[in-house]
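Below is one structure, written out as structure tokens; comments come after it.
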Amino acid sequence: MERFMKQIANSLSKQLMIDESILASWLEIPPNSEMGDLALPCFRLAKELHKSPQVIAADIADALVENELVESAVPAGPYVNFRLNRATAMEQVMRQIRDDDAFYHGAQGAGQVVAIDLSSPNIAKPFSMGHLRSTVIGTAIANLLESDSYQTLRINHLGDWGTQFGKIIVAYHRYGDEAKIKANPIQELNALYVQFHEAAQDDPSLDDEARAAFKRMEDGNEDDLRLWRWMIEVSLEEFAKTYAMLGTSFTHNLGESFYNDKMDAVVKEIQSLGLLVESDGAEVVMLEDVGLPPCLIKRSDGATLYATRDLAAALYRHKDLCADRLLYVVGGEQRLHFEQVFAVLTRMGYDFAKNCKHIAFGMMRLGGKKMSTRKGQVVRLQEVLEEAVGRAKEIINEKNPSLQNADLVAKEIGVGAVIFNDLKTNRLHDIDFSMETALAFEGETGPYVQYTHARSCSVLRKAYLLDAGVSPEQLVTHSQAIAQVDSQTVSLDDPTWELIKQLSLFPGLRNRAIDEYDPSLIAKHVLDICQAFNHFYHDCPILTADEPIRSIRLALTDAARLTIRNSLQLLGIGYPAEI
RNA sequence: GUCCCAGUAGCUCAGUCGGAUAGAGCAACAGCCUUCUAAGCUGUGGGUCGGGGGUUCGAAUCCCUCCUGGGACGCCA
């Protein structure tokens, strides 16, 4: 669609003597497609031309717009509504999809490395629905960036260090039943954590004990570290199952403990720059002048804090991993923390701080309340995924019992439903978890998109074109034939045209999703494409149509299929050819 | 108390760098399978865009203010 706008703006700029790119930015899509395909509001021209918008609109419409893309230009009050020549427009879109890689890919990021901090579950705790958000949003952003030629570093910043492990170790020694824990590590370790917090309410000395236990770990107590390493091992095993189901992978699995030996250098650097000041026994960097509270670097007992760790991690990613840009897909409640970390980096003279961005997202709630591992109020992602896959399997058994690879397809659909449900919603909204909503298979859902994709595959399969597609030459010939024979009455009917227009919006939306780090734009748009395709599918017989309409409809089906598939790929969702 | 995020149909949400009559899905009701996958398609009903001011030819969108919900605010991450 951006291409169409550019072409029309180009013609108009010659006529109006106004810059092409300004005109292109003024062009908009009318609220109702009956009005036209594109519109130019003339309000802003009124001041300059000293005429009413209505008169200007009429003048523009009257002048012959010399552009083969424009079918008609009619004034509608202060607007000029343009109709595009459907065959010409279709030919352009199809050529782009067929010949021009730029439809699905870009080169903006060539030579640039982006580090993405994502997922980051905590060791010895269940992988909850809360961590799903960071995982799927981060993955989709990484996919989007890679589609624009960026190199991405997908870093799983595991929560594997901190006082919480002191707590678990204390609880392990006090209440732990080794056999029970071995049998079901994560659940039992989390139960110990919950038990610790309950006990600590009555006996605050337990907290001191936990801090001491963690200090022992920092000092290298081998018994505690052995237990800690075991917790990491069993947690990673458990997480691996979830990641395998989600189809998520990382380039780096670097927990917080990885930076333990890198923090001294950072603290010394801050100190040597004269930024470190003592405050109430702790060491901080003052950030008052940029409107932020002080950033705590060292506790009064000399221990480091998570800001210190994030500073060390940022420098590692920049210096050792050579990342030009650092993204943090982390919940919105850590906004202030990242503002402080980035401000300290700036203060330290690191220019790359301006390329650091916290990609915040809303909180996953349960029954309106924050999920809490401490209170044991969590929904385990694995349970949700398994439930989703089970339901998908039931539906397949009912609707398509002879389907090959039914288990694999059920997995892709069930998991796709859960992922899509998360991605389609605005990042910053809090989500109150509902099994019913997460597992919906009808309406604006992942399975709806996958169903539409499989439908398009099915048609092409029956035409023996699933992999080959319709040749662009054939398509172009047919489009031109239609244009010549019948440019007035429009052989390309409305449902066909609506689908073409939806497809033409893809490159612009992909760019916007990259600029705004917002995968939901892709999710919402692919729903629009699916709606348009299903409408087209319903109204326009494809296989039984006469030539050249048949070829054109097949080509359009193929284009829709490719665009839906690309969208699902970007979102990290499977796209089975048959469901 | 200060700062940040959110508030649009019964529910979940689009639309938010100002443009025409504010759109989907779910739920409810009514239709469409001898025809390419009915996980689909069509139709009906449903709105003080949280309230109030302001800027503008034009405001859900920008500014101010208030209300509601959530979050953050130094030794947790």
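The values are calculated or read from the model by the stated rules, or taken from the named source; none is laboratory data. All of these numbers come straight from a predicted model, not from anything done at the bench. Neighbour counts are summed over all protein chains in view; Cβ atoms, including those assigned to glycine, are modelled from backbone coordinates with ideal geometry.
Only a single criterion out of (1) surrounded by fewer than 24 Cβ atoms within 10 Å (Cβ to Cβ); (2) in contact with a Ser or Thr (Cβ under 9 Å, 6 or more places away or on another chain); (3) part of a helix (DSSP H, G or I) is not satisfied by A:R95, namely (2). If you go through the stretch A:98-133, how many residues are farther than 30 Å from A:Y172 by Cα and surrounded by fewer than 24 Cβ atoms within 10 Å (Cβ to Cβ)? Counting residues in the stretch A:98-133 that are farther than 30 Å from A:Y172 by Cα and surrounded by fewer than 24 Cβ atoms within 10 Å (Cβ to Cβ) gives 18.
Can you pull out every residue in the stretch A:240-277 that is acidic (D, E) and surrounded by 15 or more Cβ atoms within 10 Å (Cβ to Cβ)? Once the filter is applied, which keeps residues that are acidic (D, E) and surrounded by 15 or more Cβ atoms within 10 Å (Cβ to Cβ), the stretch A:240-277 yields A:E256, A:E269. A single entry from A:Q334, A:Q340, A:Q377, A:Q404 fulfils the requirement of being within 13 Å of RNA strand B (Cβ to nearest atom), touching a Cys at 6+ places or on another chain (Cβ under 7 Å) and not hydrophobic (A, V, I, L, M, F, W, C): A:Q340. Only one entry of A:L23, A:L40, A:L45 meets the criterion of being out of contact with any Ser or Thr (no Cβ under 8 Å at 6 or more places or on another chain) and part of a helix (DSSP H, G or I), and that entry is A:L45. When you scan the stretch A:313-322, do you find a residue that is within 27 Å of the chain's Cα centre (by Cα) and not in a helix (DSSP H, G or I), even just one? Yes, the stretch A:313-322 has at least one match. Of everything in the stretch A:521-552 that is of a type in the set (A, V, I, L, M) and farther than 27 Å from A:R510 by Cβ, the residue that is farthest from RNA strand B (Cβ to nearest atom) is A:I549. Of the residues contained in the stretch A:145-164, one or more are found to be part of a helix (DSSP H, G or I), surrounded by 19 or more Cβ atoms within 10 Å (Cβ to Cβ) and over 23 Å from the mean Cα position of the chain (by Cα). Only one entry in A:L345, A:L428, A:L327 is hydrophobic (A, V, I, L, M, F, W, C) and at pLDDT below 95, namely A:L428. A:S72 meets each of the listed conditions (1) part of a strand (DSSP E or B); (2) of a type in the set (S, T, Y); (3) in contact (Cβ under 8 Å) with a residue 60 or more places away in the chain apart from (3).
Residue-by-condition table, conditions (1) at positive phi; (2) modelled with pLDDT of 85 or more; (3) near RNA strand B (Cβ under 10 Å from one of its atoms):
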| position | (1), (2), (3) |
| --- | --- |
| A:D19 | no, yes, no |
| A:I22 | no, yes, no |
| A:L38 | no, yes, yes |
| A:P41 | no, yes, yes |
| A:A57 | no, yes, yes |
| A:I60 | no, yes, no |
| A:E66 | no, no, no |
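In this entry, A:R133 passes the filter for residues that are within 16 Å of RNA strand B (Cβ to nearest atom) and either in contact (Cβ under 8 Å) with a residue 40 or more places away in the chain or aliphatic (A, V, I, L, M) (or both).
In the set (1) within 16 Å of RNA strand B (Cβ to nearest atom); (2) among the hydroxyl-bearing types (S, T, Y); (3) under 33 Å from the mean Cα position of the chain (by Cα), A:S72 fails one condition alone, (3). Just one of the numbered conditions (1) out of contact with any Asp or Glu (no Cβ under 7 Å at 6 or more places or on another chain); (2) touching a residue at least 40 places away in the same chain (Cβ under 8 Å); (3) closer than 26 Å to A:K424 by Cβ; (4) loosely packed, with under 15 Cβ neighbours inside 10 Å is not true of A:G349: (3). I'd like the full set of residues that are near RNA strand B (Cβ under 9 Å from one of its atoms) and not in a loop (DSSP other than H, G, I, E, B), limited to the stretch A:281-294. Listed by number, the residues that qualify are A:A282, A:E283, A:V284.
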